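See structure below.
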Amino acid sequence: MRQDIAPQADGRLFTPEMKAEIRTTQKQMLDRLVMLFAPTIMAWYYYGSRALWLVCIAVLTALVCEGLGMKILGQRTTLRDLSAVVTGVTLALCLPASSPAWLVILAVAFAILAAKLPFGTARSLLFSPAAAGLAFVTVCLPQYVFTYPALPAAGESAPVYGSSMFTAGVSLTQMLQNSASLGGELANYLDVLVGAHAGPMGTGCIIALLGALVYLLVRRPKQFTTAAGFLAAAALMAVLFPRTTAGRGQSVVMELCGGMLLFAALFLLSEEPLLPKTFYGRLAYGVCGGVFCMLFRIFGTFEEGVMFAVLLTQALTGAFNKLPDAAFRRRLQAHARRKRRSKAGTAQNAEGGLTDA
């Protein structure tokens, strides 16, 4: 047997191309896990051991669903590329810490079985599995997705939704929906930065997410371009159409820091295999996602619609691949025409010189 071909668990062989694809995906997923580490720690800090328990349930569900699904479909196992782990962690952090375990299992199972496996591996997706799973439970069970627990006391865990100990908190997106504001106190803004307010358990700590954004800039500049375009468009929409009466500046802060907007820019919209191929395509892709997100927030039924914005934008990836290329082709054609005219002019001048002589 050739040394560069490794056997799978079922006896089939990994070709060198398959191994290279898995290694590429592993590197991408390891970077994403590094970025997800700080939000996970902050979720544990604010919501106790229940947050870590839900993350573990999500990861285990993703691994089981992908392993069994691949076996049933007769496809090669892709668990070693870590994409299932990333999907599980990402989805869990987008849900409230008070979520019952079955809600997490339902969301992750849909993400893997309906949005990932039918399209093959993590390199051949059409949509973000995490965004699809989140959209599914949002449509079916919005009361569970958008009811956030108040921060528990130090050393305690968040109670499950519906229990006698559960107390609902007020998120920034709920405040925006009611045209409320943070007020002018500095402490309120500091609470927003460190994540000391109700919301999805892994998306509230803005400092941790900004650190992930810097990491993305250094490690994955292509993904950073999309995330930056998304955030810039959302900020502009917040300035033009503020949902709070406290001023446009506070509108920008609350929109960007509230809900899953910043988290989605990093982990849902900017999945590398789903991005357009050119710089301007990726930038326009991100801008379009930011506009869609704000439109869903302003006019949508749910307080948060970023998952629908992500799915809609990803459905248009083919268009973003074409538009920049067409612009470049027109520019090249115009350059070629100028060059031909220049050559023709030079030839005419040369002929005129010979005639004069």
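Looking at the range 88-98, is at least one residue under 15 Å from residue 308 (Cβ atoms) and not aliphatic (A, V, I, L, M)?
Of the range 88-98, the ones under 15 Å from residue 308 (Cβ atoms) are 94.
Cutting the leftovers down to not aliphatic (A, V, I, L, M) gives us 94.
For the range 88-98, residues under 15 Å from residue 308 (Cβ atoms) and not aliphatic (A, V, I, L, M): present.
Would you point out the residue of the range 68-87, among those that are in a loop (DSSP other than H, G, I, E, B) and not hydrophobic (A, V, I, L, M, F, W, C), that is modelled with the highest pLDDT? Among them, the one singled out is 74.
Summed over the range 121-154, the residues that are touching a residue at least 40 places away in the same chain (Cβ under 8 Å) and either part of a loop (DSSP other than H, G, I, E, B) or touching a strand residue (DSSP E or B) at 6+ places or on another chain (Cβ under 8 Å) (or both) give a count of 15. A Cβ distance below 6 Å, combined with a sequence gap of six or more or placement on separate chains, defines the contacts here; from the range 245-262, residues that are in contact (Cβ under 8 Å) with a residue 12 or more places away in the chain reach residues that are in a loop (DSSP other than H, G, I, E, B) and hydrophobic (A, V, I, L, M, F, W, C) in the pairs 260/94. Picking from 90, 61, which residue would you name as being in a helix (DSSP H, G or I), surrounded by 24 or more Cβ atoms within 10 Å (Cβ to Cβ) and touching a residue at least 60 places away in the same chain (Cβ under 8 Å)? After ruling out the rest, the residue left standing is 90. Somewhere in the range 106-114, is a residue surrounded by fewer than 24 Cβ atoms within 10 Å (Cβ to Cβ), assigned to a helix (DSSP H, G or I), aliphatic (A, V, I, L, M) and at pLDDT below 90? No: zero hits. Restricting to the range 265-310, name every residue that is under 14 Å from residue 225 (Cα atoms), under 11 Å from the mean Cα position of the chain (by Cα) and part of a helix (DSSP H, G or I). Within the range 265-310, 265, 266, 267, 272, 274, 286, 289 meet the criteria.
The values are calculated or read from the model by the stated rules, or taken from the named source; none is laboratory data. Just so you know, these numbers come straight off a predicted model, no measurement behind them. Neighbour counts are summed over all protein chains in view; Cβ atoms, including those assigned to glycine, are modelled from backbone coordinates with ideal geometry.
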